[in-house]
Amino acid sequence: MEGSEIKPEAAAKGGMNIKLIAIIVVAVLVIAAVGVVLLMGGDDEPEPEATNWLDKGFKLELFYNSGNDVRALACQLMKQGLEALNPGKIDITTTGVEWAQYLELRKNGAMPAMFLGWAPDYADPDNYVQPFYHSAGTYSSMIGYFNSTLDDMIVEAQGILDLDDRAAAYEAMEMDMYEECVFIWTAQATQFHAERSWISGYYFNPMQSGLVYYSFDKPDVAPAGAPSSYDGDTFVMATIDGNPESLDTAVGYETAGGEIMQNVYENLIFYNGTSASELIPVLASEVPTVDNGGISEDGLTYIFHLKEDVKFHDGTDMTSEDVKYSLARALMLNDPHSPVWMVGQVTIPDYYSYDQGSYSGSENATFTPGIPDDVIDAAIWASDDYTIQINLTSAYPAFLYVMAYNIGGVMSKDYVEANGGISYDGFLWMYNHMCGTGPYQFVEWESSNYISMVRYDEYRDGPAAIKNVVIQQIADAATRILLLKAGDVDCAAVPRFQKADVEGVVGINVTQGIGTFNIDFLGLNQALNLTALPNPEKTNVPADFFADKNVRLAFAHAFDYAKYIDSGLKGTAIQPNGPIPMGMFGYSANIPLYDFNMTKAADFLKASDVPAVDAGAGADTVLDMIIARIEI
């Protein structure tokens, strides 16, 4: 009756009656269905659920960055190997995405398996072990890998001074890594460089992030055969598509941005020409040693004396305050995906217990540093205007090489502070602005198009020979090669599998065959973020799919390494046996290789476990499972 009161207990009983009726109806339907099956002769035992991933099959989406044909081939080879194990039931999709999206998927844990390359930050095996196998490492943290025993081994090896003992420690770690199969190491490449013959000054150093334009020269007058567009004042580099992650030394951790950093910013010390081991002073007046008093006998104190004639691009003088500020802001942000760990792990007590810096409040106005000021102040001292002291928590023989990496680049404190300082706005500004002491000044970054630099005419060692540098993104490799042949660009990124297109061409100089320390790898995500998958219908594995070591080993043996190297890299690489490359201290030939072996791949996938599906606590029958899902 309209307007009458309904008592709560009556309503509850009514709702219960409705749910009971629903249960009875469902039960009748289920019983009827079972009866039909029995009448049709369906009394045979039902097909048991597969308990391993070989028999069950699975769907997985593999990603590569668009325009990188070598990684596209790697994904295709993995697809071919896996699908051949159980045709029709194993379904692998390969998808190309823009570089920015690729990095975002990686960062968010939404990439099931990632094909990437690792270029060295500094010349020491710790630089290959820590990022991949320490639980807080750049890549291990992205794939959910945690191993406290290996963490302890890594930290212990960092401070071993005896070379034989240190080499033995890394061999033991690499054997453990081989057995764990957390990453699959696919290739160690040799160098390949193609440029117009009118360019001079190129040299290769495996420790550099890219080209050092200060060494280049180009004739002012167009040489014979040059196009009408020839410009002696401008060097044009045609590179692959994909933006830098950042131009901020506290954040950027890849080679696209790294190349810009090493031309605009300078370090206290850097590599001497082509040498991957000899360091020379740049902003420092000398390289610290025990003999000159720059390094303490116990290896815990490093003192750098600075040159006093250095100007930033904004006209201010460089002092020890700028050096400290550059390192301190990186430690305060403490981005886990940045290179700051190299400095933090040896200067900050209990470094891995600290979080990333964070923002809060209206418009992110409040910044909480990842590492507090007082902790940083204890580690880095500006003793006077031209002396910087860095205090280590334990001896670390590779520390000077750390300071030669981009994280050691020095920026103008005055410039950063004038544009937001250590704040949300400040870090946002430095994402695409720069102010260093190097031979080139940053001019402009037009996203997905180009980055330009202009020489710093007041550079203390004299201005660069070439006035302008333009790094132009061109996605299509064939187009880059055509532009190089026509002389419309001075240098081009040429994929290894297309190197024959420029070899022996009149007017093009090719340099190749020099060993690099670059390693290609496949990382297997043990903590897949299923909620962030861009195409969830193409992946049906659980989040911990790769936590099963047998699954990882199956992938390792389903990949055709020889075809990848011969077809994709045209033989300009070798298959590595682990993260430490051949030629680097700590490499051991005693570590086995994963072989392409489909029988092994099938056996390992057969030995894997498909997790049981929990249909409901205490559910023994179909009817029980239905009732368990109806709340009474």
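The values are calculated or read from the model by the stated rules, or taken from the named source; none is laboratory data. Note that the structure is a prediction, hence the values are computed from the model and not measured. Positions of Cβ are backbone-derived with ideal geometry, glycine not excepted, and every protein chain shown enters the neighbour counts.
At a glance:
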{"item": "Residues that are under 20 Å from the mean Cα position of the chain (by Cα) and of a type in the set (Ser, Thr, Tyr), drawn from segment 332-349", "result": "Ser338"}
{"item": "Test set (1) in contact (Cβ under 8 Å) with a residue 60 or more places away in the chain; (2) over 27 Å from Val454 (Cβ atoms) - Phe312 fails condition number", "result": "(2)"}
{"item": "Residue among Ser277, Ser229 that alone is assigned to a loop (DSSP other than H, G, I, E, B) and closer than 28 Å to Ala404 by Cβ", "result": "Ser277"}
{"item": "Ile240, sole failed condition from (1) at pLDDT 95 or above; (2) over 30 Å from Leu161 (Cα atoms); (3) among the β-branched types (Val, Ile, Thr); (4) buried (at least 18 other Cβ atoms within 10 Å of the Cβ)", "result": "(1)"}
{"item": "Residue match in segment 176-189 (condition: over 29 Å from Tyr587 (Cβ atoms), in contact with a Phe, Trp or Tyr (Cβ under 9 Å, 6 or more places away or on another chain) and assigned to a loop (DSSP other than H, G, I, E, B))", "result": "no"}
{"item": "Odd one out for Tyr415, checked against (1) touching a residue at least 40 places away in the same chain (Cβ under 8 Å); (2) touching a strand residue (DSSP E or B) at 6+ places or on another chain (Cβ under 7 Å)", "result": "(2)"}
{"item": "Residue match in segment 149-162 (condition: more than 24 Å from Val402 (Cβ to Cβ) and either without any contact (Cβ under 8 Å) to a residue 60 or more places away in the chain or outside the structural domain of Gly67 (by TED's automatic domain parsing) (or both))", "result": "yes"}
{"item": "In segment 402-453, residue surrounded by the fewest Cβ atoms within 10 Å (Cβ to Cβ) [restricted to those that are modelled with pLDDT of 95 or more and among the β-branched types (Val, Ile, Thr)]", "result": "Val443"}
{"item": "Top-ranked residue in segment 296-325 [being in contact with a Ser or Thr (Cβ under 7 Å, 6 or more places away or on another chain) and in a helix (DSSP H, G or I); ranked as nearest to Thr368 (Cα to Cα)]", "result": "Asp322"}
{"item": "Pairs where the first residue, in segment 561-573, is touching a residue at least 60 places away in the same chain (Cβ under 8 Å) and the second is charged (D, E, K, R) and in a loop (DSSP other than H, G, I, E, B), C-beta under 6 Å, 6+ apart", "result": "none"}
{"item": "Residue in segment 468-479 that is at pLDDT below 95 and crowded, with 17+ Cβ neighbours inside 10 Å present", "result": "yes"}
{"item": "Number of positions in segment 114-153 that are closer than 18 Å to Cys181 by Cβ, over 13 Å from the mean Cα position of the chain (by Cα) and surrounded by 23 or more Cβ atoms within 10 Å (Cβ to Cβ)", "result": "4"}
{"item": "Verdict on Val402 being aliphatic (A, V, I, L, M), within 30 Å of Glu156 (Cα to Cα) and out of contact with any Asp or Glu (no Cβ under 9 Å at 6 or more places or on another chain)", "result": "no"}
{"item": "Test: residue in segment 132-149 that is touching a Ser or Thr at 6+ places or on another chain (Cβ under 7 Å), of a type outside the set (Asp, Glu) and within 14 Å of Ile580 (Cβ to Cβ)", "result": "yes"}
{"item": "Those residues of segment 163-199 which are small (Gly, Ala, Ser) and without any contact (Cβ under 8 Å) to a residue 24 or more places away in the chain, in sequence order", "result": "Ala168, Ala169, Ala172"}
{"item": "Single condition Leu62 does not satisfy, out of (1) closer than 23 Å to Ala478 by Cα; (2) buried (at least 18 other Cβ atoms within 10 Å of the Cβ); (3) touching a Pro at 6+ places or on another chain (Cβ under 9 Å); (4) of a type in the set (A, V, I, L, M, F, W, C)", "result": "(1)"}
{"item": "Failed item, numbered, when Ala168 is tested on (1) small (Gly, Ala, Ser); (2) over 15 Å from the mean Cα position of the chain (by Cα); (3) not in a helix (DSSP H, G or I)", "result": "(3)"}
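Each row is one residue, and each column tells you yes or no for (1) surrounded by 17 or more Cβ atoms within 10 Å (Cβ to Cβ); (2) more than 28 Å from the chain's Cα centre (by Cα); (3) modelled with pLDDT of 95 or more.
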| residue | (1), (2), (3) |
| --- | --- |
| Met318 | yes, yes, yes |
| Ala330 | yes, no, yes |
| Tyr351 | yes, no, yes |
| Gly361 | no, yes, no |
| Pro372 | no, no, yes |
| Ala379 | yes, no, yes |
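Every residue, every condition in (1) closer than 26 Å to Phe545 by Cα; (2) in contact with a strand residue (DSSP E or B) (Cβ under 9 Å, 6 or more places away or on another chain), yes or no:
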| site | (1), (2) |
| --- | --- |
| Gln76 | yes, yes |
| Ile90 | yes, yes |
| Gln101 | yes, yes |
| Ala119 | no, yes |
| Phe132 | yes, yes |
| Leu161 | no, no |
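Let's see how each residue does on (1) closer than 30 Å to Met598 by Cα; (2) of a type outside the set (S, T, N, Q); (3) crowded, with 21+ Cβ neighbours inside 10 Å:
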| position | (1), (2), (3) |
| --- | --- |
| Asp490 | no, yes, yes |
| Leu530 | yes, yes, no |
| Ala543 | yes, yes, no |
| Phe555 | yes, yes, yes |
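So that you can scan it fast, the table gives a plain yes or no per residue for (1) crowded, with 21+ Cβ neighbours inside 10 Å; (2) under 16 Å from Gly409 (Cα atoms); (3) of a type in the set (Ser, Thr, Tyr):
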position: Ala250; (1), (2), (3): yes, yes, no
position: Gly257; (1), (2), (3): yes, yes, no
position: Gln262; (1), (2), (3): yes, yes, no
position: Tyr265; (1), (2), (3): yes, yes, yes
position: Ser277; (1), (2), (3): no, no, yes
position: Glu286; (1), (2), (3): no, no, no
position: Thr289; (1), (2), (3): no, no, yes
position: Ser296; (1), (2), (3): no, no, yes
position: Thr301; (1), (2), (3): no, no, yes
